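The block underneath contains the structure these notes are about, expressed in structure tokens.
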Amino acid sequence: MNDRYTITFTYSELDTMLVALACYQHSIIKEREGGRTDHPERAAQVLTAIDTAAEKIRARHFPKKPDAEGV
């Protein structure tokens, strides 16, 4: 059984997701700068996950263009 699904987003929705991820990332960084030190490894994992998710969203938002043939 195939459990894969395709979800389509508009560019506006992708922009919204990028903004939400940036806000979440900013809040974690500010908490760390403010002296919050509980679970530093978890905070690092979340920040890495945010970076990965944002990169995947950007790849969908700004897909790579195919190389020109004969170049």
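The values are calculated or read from the model by the stated rules, or taken from the named source; none is laboratory data. Computed from a predicted model, the values in this text were never measured in an experiment. Positions of Cβ are backbone-derived with ideal geometry, glycine not excepted, and every protein chain shown enters the neighbour counts. Heads up: the accessible areas ignore ligands, DNA and RNA and are worked out on the full protein's heavy atoms, side chains in. Shrake-Rupley method; radii C 1.70, N 1.55, O 1.52, S 1.80 Å.
Per-residue ellipticity at 222 nm computed for the chain from its helices equals -22000 deg cm²/dmol, with DSSP H segments shorter than 4 residues left out and the rest contributing -39,500 (n - 2.57). For the chain, carbon and sulfur atoms together expose 56% of the accessible surface, with a 1.4 angstrom probe and every protein chain in place.
Among residues other than GLU41 with Cβ under 15 Å from its Cβ, the summed charge is +1 (Lys and Arg +1, Asp and Glu -1).
Shape index of the chain: Rg/Rh, with Rg the Cα radius of gyration and Rh the Kirkwood radius from the inverse mean 1/r over Cα pairs, equals 1.15. On a per residue basis, the chain carries 90 Å² of accessible surface, using protein heavy atoms and a 1.4 Å probe. Once you list every other residue whose beta carbon is under 12 Å from the beta carbon of TYR24, what net charge do they have if Lys and Arg are +1 and Asp and Glu are -1? Every neighbour counted, the sum reads -1.
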